[in-house]
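> Here it is, the structure, as structure tokens.
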Amino acid sequence: MDFGYSPRASELQGRMRSFMDEYVFPAEATYDRQLAEGTTRTPCRRSWPS
């Protein structure tokens, strides 16, 4: 039995890894700073009709 990932799953893993490396991991220092400052939450404005 082949328990390896399909080519599509391997492609998606690579894309996710690239996204994490480019956007998420570099932002962790900013998030840590904002968390320490208490500025991670901002009010959300509703932009859709009720």
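Laboratory data are not the source of any read-out in this text; all were calculated from the coordinates shown. Note that the structure is a prediction, hence the values are computed from the model and not measured. Here the Cβ positions follow ideal geometry from the backbone for every residue, glycine too, while neighbour counts run over all protein chains shown.
> Which order do the peptides 19-26, 1-8 take when ranked by the mean count of other beta-carbon atoms within 10 Å per residue, highest first?
Working: 19-26: 10.2, 1-8: 7.0.
Packing proxy ranking, top to bottom: 19-26, 1-8.
> Now for a different question. Just subtract the alpha-carbon distance of Phe25 and Asp2 from 0.36 nm times their residue separation and send over the number in nm, one decimal. Kindly include the intermediate steps, with their values, before the conclusion.
Working: separation 23, 0.36 × 23 = 8.28 nm, distance 3.25 nm.
Result: 5.0 nm gained on full extension.
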